[in-house]
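First the structure, in the form of structure tokens, and then the observations on it.
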Amino acid sequence: MSDAAPEQGNPRDDSLRELAVADTLTRISKGIAHEICNPLSQITLAADLLGGQRPLTDERRSQIAKVLHQASQRIDRAVTQLQQACSPLQEAMEVLDSGPLLQGTLSALKLPAHLSLEAEIPTQGLPRIKANAKYLGIALRHLLDNAIEAMPKAGRLTLRASTRQIGQSQRGSWQQSTSLNAGDLALCIEICDSGPGIPTQQLHLIFEPFFSTKPAGQGSGLGLAAARKIISLHEGQLDIANLPQGGVCATILLKALNQA
Amino acid sequence: MSDTAPKKKILLIDDEPFITNLMAMNLEDTGRFEVREQNDSLQALETIMDFVPDLIVLDVMMPDLDGADILYRIKNDSRLKHIKVVFHTATVRESDLSGDGKLINGFPFLPKPATTEQMVTFIDRHLPA
């Protein structure tokens, strides 16, 4: 194409892009159906038991109540996380000291007894960032939950924070919304697990809404999509990768406002 | 159907234990079915061989082996291929399907959610005589 020629999309590329979008939408709609219709199924079947001819024993009544609560929580979680994944950040950003923010996240963490914790959050020296504490907290919570749920039997959860300078080679494949450039200082938050890792063929799907490898009812498949959306609204970068020694590490980079 | 007629054996394969549990209770309450549940898709074939159901109600979207994988294995096993299989899924709607609108790859399906009455009617329609 000459410099003077008007820019036109390659029709083949456009068709492939449309197919990819259609494929993604199909997967998302199936995910919504799965996360809503399964608990609806529970509610329907529980109603049948309540309205049935057989007298309800205490055990059965308690079982039905548990099922209804679980169904309600599951639908609520799917709707909340879908909103977090899709809606713009409504609340204002402010300048925050990242150290106290992360210490607060750490002290609120409820670590299951079968896991150990390795936390490296310096009490001094972490940078200030421009962020919304509530939403950043939600993103961290999703990533921590994800790491914890990847280790159902035993393992080690790592939460680490540091200041990092962005290298020349890092910026290439990042999200467009990222405002970080080579040479910038960034707050780096790493949340790692020692679980089985993510199958390589599924790595490209992990940020897609409703993608989940967790057992039924345990993951809506929206946590990572919501976390990425929130980090992207902070003009930061969220990457998730398998670790060479096993497990998965989520790395958040947020632009540092100063070097404290 | 008389009270003395043998109960039909129904196997529910679905990774959602709350659903299979409720469905089993509802079906057993009719007094007409003996129901077994399997929530681990990797154990599905073993359970089929052990239980030898008259009809399998199979979920589609499951971890490890999905409904299509399990169906393929059933239909390629000479000991199992005679067993009637129907799908019960949240991920396919009747409006998604062309033709008569009630088959997935030639196999009948009932979308979730379904009432017990709808499930019993569906099972009766597809149970071998």
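Numbers for the structure displayed
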| read-out | value |
| --- | --- |
| Among B:Leu42, B:Leu55, B:Leu71, residue whose mean-square fluctuation peaks in a GNM of chain B (springs only between Cα atoms under 10 Å) | B:Leu42 |
| Sites matching GluC sites (Glu not before Pro) across region A:101-151 that sit in DSSP coil, with at most 16 neighbouring C-beta atoms within 10 Å | none |
| Mean separation of Cα contacts under 8 Å (6+ apart) over length of region A:94-255, as relative contact order % | 24 |
| Sequence-separation-based contact order of chain B, relative, with Cα cut under 8 Å and 6+ spacing, percent | 22 |
| Neighbour-count order for A:Cys37, A:Cys192, A:Cys249, fewest beta carbons within 10 angstrom listed first | A:Cys249, A:Cys37, A:Cys192 |
| Residue-count net charge about A:Ser194 - beta-carbon cut-off 12 Å; Lys, Arg +1, Asp, Glu -1 | 0 |
| Most positive-pole-ward Cα, A:Leu117, A:Leu157, A:Leu143, against dipole of region A:94-255 from beta carbon charges | A:Leu143 |
| Diffusion coefficient, µm² s⁻¹, Stokes-Einstein with Kirkwood Rh over alpha-carbon pairs of region B:8-126 at 37 °C and 0.692 mPa s | 230 |
| Antiparallel bridge percentage (DSSP; both residues within chain B; nearest 5) | 10 |
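A short reminder: the numbers here are calculations on the coordinates, not readings from a lab. In this text the structure is predicted, and so the values were computed from the model without any measurement. Using ideal geometry, Cβ is built from the backbone for each residue, glycine included, and neighbour counts are taken over all protein chains shown.
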